[in-house]
Amino acid sequence: KKKAAFGLAGDDNSSAGSLVFTDARIACLPIQSLYGTFAWCTSELVLRSLLRDLEWGKLCLEEEIPAVSGEKVLVTEGSSLIEESNKKIYLQELDLESQVCEKTKKLAEKIANLVFPDDEEWRKTFIKRFAILPENVFNYLCEMGTQVDARTKIDSEKGVVIKGGLWYEEALPAETILTGMVWCDKVYVKDIQAEELVEAYCKGSKSIQIGGKNTTGRGRITLSFTDTQKEG
């Protein structure tokens, strides 16, 4: 099944993988918050892109995306992000006006059910920390809110940095939520059906590590699959 799902290398017996994974695109970016520790931030444009992809997969949230007015941040009732005395939200070095919005809460509930289908506590945590930002604010935080680490390569004999051995690595912060789609294309291995591959690799939740930075603790992700039916 693994060979059928992900392909087989080789000159004579090579074949493409049958499972097709799209790029994972940002849905919610966790940003440091003075209240509530961090906020799951998104924007109108990101949400519209998300809903378009879900509709393509025959999964419609049936919720209206609320419009952000001015520089206000839309949050849910009972949000953990608001400073009670002045109703402001503090994200990194920015202080922003908050606006409680019922449409935002309904949308947060739907997204939480997709991301944390089996964990009620995390659904509650997500809803209390969900925030829809103005586009310019979200763009700024996407640029300034990622994790950037300086790395060095050390000469094992001299114990000093090798010439040219300084570089920087940028990573998405922990708790980032990305979305994408996967489907099964033509199966090249005999006696294997598309339904079998989907059942084996694209069901429920799976915790995996991807990329080449596993020794530094990078690339740990949880995949959460939601079934959809696409005609044709």
*Take the Cα gyration tensor of the range 1-46, multiply each eigenvalue by 5, square-root it, and list the three semi-axes largest first, rounded to whole angstrom.*
42, 12, 8
*Accessible area per residue of the chain at 1.4 Å probe, in Å²?*
63 Å²
*Full extension from Thr215 to Lys124: what is 0.36 nm times the residue separation minus their Cα-Cα distance, to one decimal in nm?*
29.5 nm
*Translational diffusion coefficient, Stokes-Einstein: compute it for the range 1-160 using the Kirkwood radius over C-alpha pairs as Rh, at 25 °C and 0.890 mPa s, and state it as an integer in µm² s⁻¹.*
134 µm²/s
*Cα gyration tensor category, rounded, prolate or oblate, for the range 1-81 with a/c compared to 1.5*: prolate
*Normalized C-alpha radius of gyration of the range 43-138, against 2.2 N^0.38 Å?*
1.09
*Gained length - Leu59 relative to Trp183, 0.36 nm times residue gap less alpha-carbon distance*: 43.2 nm
_Cross-link reach list, lysines versus Lys72, counting only Cα pairs under 28 Å and skipping chain neighbours closer than eight places_ = Lys87, Lys88, Lys103, Lys105, Lys106, Lys110, Lys124, Lys128
*With a Förster radius of 45 Å, plug the Cβ-Cβ distance of Asp95 and Asp155 into 1/(1 + (r/R0)^6) and report the FRET value to the nearest 0.05.*
0.45
_Reduced Cα scattering model of the range 128-197, Debye log10 I(q)/I(0), q = 0.16, 0.21 Å⁻¹_ = -0.79, -0.98
*Of all accessible surface on the range 85-158 at a 1.4 Å probe, what whole percent is carbon and sulfur?*
46 percent
*Enter the mean projected area of the convex hull around the alpha-carbon atoms of the range 47-99, in nm², rounded to one decimal.*
4.9 nm²
*Work out how far the C-alpha atoms of the range 73-232 reach from end to end along every principal axis, then list the three figures in whole Å, largest first.*
59, 59, 28
*Cleavage-rule hits (GluC sites (Glu not before Pro)) in the range 115-193: DSSP loop, at most 16 neighbouring Cβ within 10 angstrom*: Glu157, Glu175
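The values are calculated or read from the model by the stated rules, or taken from the named source; none is laboratory data. Predicted, not measured: the structure shown is a model, and the values here were computed from it. Counting neighbours? That spans all protein chains shown, and the Cβs are built from the backbone with ideal geometry, glycine included. Calculation scope for accessible area: heavy atoms of the full protein, side chains included, ligands and nucleic acids excluded. Shrake-Rupley method; radii C 1.70, N 1.55, O 1.52, S 1.80 Å.
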